[in-house]
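The numbers here are math on the coordinates, done by the rules we state, and not lab data. Just so you know, these numbers come straight off a predicted model, no measurement behind them. Heads up, the Cβs are rebuilt from the backbone with ideal geometry, glycines too, and the neighbour counts pull from every protein chain shown.
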Amino acid sequence: MSLLEIKNLQASVADRQILRGVDLVVNPGEVHAIMGPNGSGKSTLAHVLSGKSGYEVTGGTVTLDGIDLLALEPDERAARGLFLAFQYPMEIPGVATMTFLRTAMNAQRKKRGEPELSTPEFMKRVREEAKKLSIDPEMLKRPVNVGFSGGEKKRNEVLQMALLAPKLAVLDETDSGLDIDALKIAAEGVNRLRSPERGMIVITHYQRLLDHIIPDIVHVFSRGRIVRTGGKELALELEERGYADYEQEAAA
């Protein structure tokens with residue numbers, strides 16, 4: 001069975017149609033890259049999958065592990081194994097990163113009928129994963145993303161992903177605002193989480209991220225739908241030629 005199956009997905013924001021019939025299948029173990037220009041609907045797809053408010057689904061279906069994803073609340077989608085890494089991670093003043101991580105992990109475990117993690121077990125997991133991502137333990141004591149650099153914010157999200165161990169990870173422009181060193185560290189963290197059971201969707205404008213997170217399949221997004229699908233070499237072609245041809249094709 002496919003992990004994620006999207007059929008003819010249509011969605012609008014403030015009565016403006018953005019997604020115009022998206023079809024996509026992600027199998028366990030696959031990494032899919034979605035590339036396209038600004039305004040093509042890439043981030044809208046990510047937000048619709050996560051259940052963000054303000055996005056109205058006007059047609060089509062989405063299933064995750066055979067379950068109707070669109071019928072679930074955002075927290076239920078997360079408990080079922082969906083994770084979204086935001087392009088611009090939000091700051092949460094007054095909430096320590098460590099507290100946030102523990103609350104998120106135990107909330108998901110509770111939804112799945114699993115016991116909460118003990119403090120020693122939780123601390124052990126966090127320290128192990130933080131070390132792999134070169135995260136300073138002092139950073140975990142600070143309020144979530146407050147005063148963090150772009151690289152720290154993205155590493156913090158990869159840490160969340162590692163701890164929550166989702167079935168499907170959607171990375172929305174995770175390279176946004178990163179210098180090359182921060183990009184490498186974040187990408188290495190993502191690559192460590194590749195597994196035969198987990199699927200990933202990597203949304204990006206640029207080839208440079210895909211030099212580090214090498215996709216199995218690349219899709220070109222234009223005017224609210226996928227207009228071409230190919231292998232990793234398609235990303236190189238896009239870097240060289242741009243999106244103009246696809247935008248004209250989508251408009252035709």
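Observations
- Remark on residue 34: its backbone amide H falls under 5 Å from those of 202, 203, 204, 219, a criterion applied only to residues 5 or more positions apart or on other chains, H modelled at 1.01 Å from N.
- Efficiency of FRET from Cβ geometry, residue 73 and residue 106, R₀ 25 Å, rounded to 0.05: 0.90
- Distance histogram for the range 114-252 (every C-alpha pair counted, 10 angstrom bins, percent rounded to whole numbers): 10, 36, 31, 16, 6, 1
- Counting only residues at least eight positions apart within a chain, or on another chain, the lysines with an alpha carbon under 19 Å from that of residue 124 are 132, 141.
- Radius of gyration and maximum dimension Dmax of the range 68-178, Cα, Å: 13.9, 41
- Listed values for the range 125-135 are Karplus-derived 3J(HN,Hα) couplings in whole Hz (6.51 cos²θ - 1.76 cosθ + 1.60, θ = phi - 60°), namely 4, 5, 4, 4, 6, 5, 4, 4, 9, 6, 8, and x replaces Gly and Pro.
- Amide proton proximity set for residue 225, modelled H, under 5 Å, gap of 5+: 20
- The chain - share of DSSP beta bridges that are antiparallel (%, nearest 5): 60
- In order along the range 182-194, the Karplus-derived 3J(HN,Hα) couplings, from 6.51 cos²θ - 1.76 cosθ + 1.60 at θ = phi - 60°, round to 5, 4, 4, 5, 5, 5, 4, x, 5, 4, 5, 8, 5 Hz, and Gly and Pro are given as x.
- FRET E, pair residue 2, residue 245, Förster distance 30 Å, beta-carbon r, rounded to 0.05: 0.50
- For the range 67-105 versus the range 154-198, the spacing of their alpha-carbon centroids is 15 Å.
- With Cα atoms defining each centre, the range 1-60 and the range 216-236 are spaced 14 Å apart in the structure.
- Each Cα pair under 8 Å and six or more residues apart adds its sequence gap; the mean of these over the residue count of the chain is a relative contact order of 28 percent.
- Computed from backbone phi with θ = phi - 60° and the Karplus coefficients 6.51, -1.76 and 1.60, the 3J(HN,Hα) list for the range 221-233 is 9, 8, 6, x, 7, 7, 10, 7, 9, x, x, 4, 5 Hz; x is used for glycine and proline.
- For the range 1-95, the gyration tensor built on C-alpha atoms gives a rounded shape. Its axis ratio a/c (a ≥ b ≥ c) stays under 1.5.
- The distance between label points at residue 237 and residue 181 comes to 3.7 nm (points 7 Å beyond Cα on the Cα→Cβ vector).
- Charge dipole of the chain (Cα centre as origin; +1 on each Lys and Arg Cβ, -1 on each Asp and Glu Cβ, all else neutral): 680 debye, rounded to the nearest 20.
- Computed E for residue 92/residue 114 - FRET, C-beta separation, R0 25 angstrom, nearest 0.05: 0.50
- Fewest-first ranking of 32, 205, using other Cβ atoms within 10 Å as the exposure measure: 205, 32
- Here the range 59-132 is treated as a sphere whose radius is the Kirkwood value from Cα pairs; by Stokes-Einstein at 25 °C and 0.890 mPa s it diffuses with a coefficient of 170 µm²/s.
- DSSP-defined beta bridges in the range 105-252 - what % are antiparallel, rounded to 5: 50
- Over the range 163-230, the Kirkwood radius and the radius of gyration, each from Cα atoms, give a ratio Rg/Rh of 0.96.
- Taking 0.36 nm per residue of separation and subtracting the current Cα-Cα distance, fully stretching the chain between residue 127 and residue 58 would add 20.5 nm.
- Inverse of mean 1/r across different Cα pairs in the range 2-46, Kirkwood, Å: 11.6
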